[in-house]
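Note sheet for the following structure.
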Ligand code: ADP
Ligand code: MG
């Protein structure tokens, strides 16, 4: 007798379970299923995400439903449309050998009349989001007055999302005699209140310790300067070539901006947030599931209910406002017994939050340093070598070998290997050899008093730059150059003060990261640009440059630099960009989860050079992260 049979499940369920490939029940299943089968009781079950809660209530529910009676007998409430569809799908799989059993999903953003019609045709089980359910009830499109079971799935999430009143109202529309089963990852006060209000002496099941994180997730934090946040994210991605991750930002705007930057820089990334249409969100989720997207940048709300297995990393690009939310984020990885890593990119001023989170998850964080450029190059190189080794040869290539051999004739094996690997490696090494380390920020900061103060997004920051009139710039030309190179707006670069061999200028703190990463190392006709944050803070804002460089103002605008600009001014090698647009395979079908090292799609990230807007082609330009 198999384990599921021992729990008391019947033949049609056992067949479906076999099809699903479940061998052994998970702990929450083992604890909940027999209780729910044997007793008519209320139940509160606490278990982390990814522990198999859907089947824990789904199996006994299906067994208890009378499939010959077409009335609605069960209502499952879940926080999001995404989850609602997932549960519906699972329930359908579990019940596929039971004739006449119908499950209908009811959620916002789709036709309510169509959903009502489906319900009317006979749905013993309705899986609904609270908002749409309330709507249906108000319009008299559904009758839940005689249900036998009500399941609150991810109760903590639903309450987090502000569904308390909807849930109370829906529950008061159901009969008192029904059984209520509440499933949740955590037990905050609001969940306890619902349980108290709507349940009578529920059986309690806890898997793992209450409110604790999953043992399959390890937690790491990286302390960086605020302006290095994005660069740190990129390095973490580069240091994990097979990353398949959700990157959490605090706001929709940041989510969009980070995703766009990543895309610009050649990563397989996409944004998921509430400003996208449902169709767009569905598209993103589909690509993510299909692994065409390696980095899904999401808000907490939009990511609720993301149930994708095998996520390798959760990245907290910014910590959530409510540290409790951390648990939900990290629960997106380490599912179904797999290992996962939850990463926090944090600034020194936020460090105290780490211990607060440690108390909640009852697990310790490991402090790590962002890998150096050299370390990343090493990782990438080994990854490439492994990939070459593991690549299966398609013998179509045989046809081309004579010609290829001719080209490569005379190279020794050693030379050939070196050159082959360099094709990929050069990009990394060229990018990273100019880059400073992001690590050791904490120590450095306390030792060097000249370390820039913490930059806040709205504050003006003054920079020193090692180019000036000697390089044929006057203030207007330098301003134009900076604005174009940094892709900033007209007024974003101000207080430009040009001296002979160097200059000063200001931007808002929100642009500092970009200024530093784009300009430092920029090659201007063989001259390497160097930018530093100036200790002299340059005073207030935008008094229009003061024309401090007097005679130069405008006078030479048609001469020297400007006139030559299209020819000799520093710009990225044009070919790069158009290359990527025309030939970069977004994703070759069979490659699931693997970065294709030969696809030119990542090249953007390994050029120091800023991109010119006019060559942006079809890639969306980053929306400017304006602070209000
Ligand atoms: P939760 O609701 O607790 O977050 P799910 O019910 O969504 O977790 O299950 C997570 C994943 O584990 C799903 O892919 C599901 O198919 C799988 N799963 C559930 N139970 C088992 C089992 N007994 N054996 C193997 N996989 C399982
Ligand atoms: Mg679930």
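The values are calculated or read from the model by the stated rules, or taken from the named source; none is laboratory data. Keep in mind that this is a model prediction, so the values were computed, not measured. Note that we place each Cβ from the backbone using ideal geometry, even for glycine, and neighbour counts take in every protein chain shown.
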Can you name the number of the only condition in (1) within 16 Å of ligand 2 (Cβ to nearest atom); (2) in contact with a strand residue (DSSP E or B) (Cβ under 8 Å, 6 or more places away or on another chain) that residue 51 fails?
(2)
Scanning the range 93-118 for residues that are buried (at least 21 other Cβ atoms within 10 Å of the Cβ) and farther than 21 Å from residue 16 by Cβ gives 106, 107, 115
If I filter the range 48-79 down to residues being within 18 Å of residue 302 (Cα to Cα) and in contact with a helix residue (DSSP H, G or I) (Cβ under 6 Å, 6 or more places away or on another chain), which single residue comes out as surrounded by the most Cβ atoms within 10 Å (Cβ to Cβ)?
78
Given the conditions (1) more than 16 Å from ligand 1 (Cβ to nearest atom); (2) assigned to a helix (DSSP H, G or I); (3) surrounded by fewer than 17 Cβ atoms within 10 Å (Cβ to Cβ), every one holds for residue 140 apart from (2)
Name the pairs whose Cβ atoms lie under 6 Å apart, with the first residue in the range 352-366 and on the phi < 0 side of the Ramachandran plot and at pLDDT 85 or above, the second part of a helix (DSSP H, G or I) and crowded, with 18+ Cβ neighbours inside 10 Å, and 6 or more positions between them or separate chains?
357/326; 365/354
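Could you tell me which of the residues 82, 90 is within 23 Å of residue 38 (Cα to Cα), surrounded by fewer than 22 Cβ atoms within 10 Å (Cβ to Cβ) and within 16 Å of ligand 1 (Cβ to nearest atom)? So that I can check it myself, show each step before the final result.
Details: 82 fails: within 23 Å of residue 38 (Cα to Cα).
None of the other options fit; the residue is 90.
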Going by the structure shown, is residue 501 within 35 Å of the chain's Cα centre (by Cα), in a loop (DSSP other than H, G, I, E, B), modelled with pLDDT under 85 and more than 27 Å from residue 373 (Cα to Cα)?
no
If a residue has to be outside any loop (DSSP other than H, G, I, E, B), farther than 18 Å from residue 229 by Cβ and modelled with pLDDT under 90 to count, how many in the range 287-306 make the cut?
3
Select from the range 330-351 the residues that are within 16 Å of ligand 1 (Cβ to nearest atom) and surrounded by fewer than 21 Cβ atoms within 10 Å (Cβ to Cβ) and write down the one among them that is nearest to residue 156 (Cα to Cα).
336
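Just the residues that are away from ligand 2 (no atom under 12 Å from the Cβ) and crowded, with 18+ Cβ neighbours inside 10 Å, please, taken from the range 36-47.
First, the residues of the range 36-47 that are away from ligand 2 (no atom under 12 Å from the Cβ): 36-44, 46.
The answer is 36, 42, 43, 44, 46.
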In the set 117, 132, which member is closer than 23 Å to residue 279 by Cα and either in a loop (DSSP other than H, G, I, E, B) or without any contact (Cβ under 8 Å) to a residue 12 or more places away in the chain (or both)?
117
If we keep only residues of the range 315-346 that are assigned to a strand (DSSP E or B) and over 12 Å from the mean Cα position of the chain (by Cα), then the residue farthest from residue 216 (Cα to Cα) is 346
If I ask for residues that are in contact with a helix residue (DSSP H, G or I) (Cβ under 9 Å, 6 or more places away or on another chain) and either surrounded by 14 or more Cβ atoms within 10 Å (Cβ to Cβ) or more than 19 Å from residue 376 (Cβ to Cβ) (or both), which ones from the range 418-429 would you list?
419, 420, 421, 424, 425, 427, 428, 429
When only residues in the range 171-185 that are surrounded by fewer than 22 Cβ atoms within 10 Å (Cβ to Cβ) and in contact with a strand residue (DSSP E or B) (Cβ under 9 Å, 6 or more places away or on another chain) count, which is farthest from residue 299 (Cα to Cα)?
178
Kindly provide the set of residues from the range 297-314 that are within 16 Å of ligand 2 (Cβ to nearest atom) and within 21 Å of residue 218 (Cβ to Cβ), ordered by number.
303, 306, 307, 308, 309, 311
Could you tell me whether the range 79-99 includes any residue that is away from ligand 2 (no atom under 16 Å from the Cβ), more than 24 Å from residue 202 (Cβ to Cβ) and outside any loop (DSSP other than H, G, I, E, B)?
no
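Residues checked against (1) surrounded by fewer than 17 Cβ atoms within 10 Å (Cβ to Cβ); (2) modelled with pLDDT of 80 or more:
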residue	(1), (2)
443	yes, no
453	yes, no
463	no, yes
470	yes, yes
Restricting the search to the range 235-275, which residues are touching a residue at least 60 places away in the same chain (Cβ under 8 Å), within 16 Å of residue 316 (Cα to Cα) and part of a loop (DSSP other than H, G, I, E, B)?
240, 243, 244, 249, 250
For residues in the range 307-324 being within 16 Å of ligand 1 (Cβ to nearest atom) and in contact with a helix residue (DSSP H, G or I) (Cβ under 7 Å, 6 or more places away or on another chain), which is modelled with the highest pLDDT?
314
What's the number of the condition residue 157 fails, among (1) more than 16 Å from ligand 1 (Cβ to nearest atom); (2) under 29 Å from the mean Cα position of the chain (by Cα); (3) part of a helix (DSSP H, G or I)?
(1)
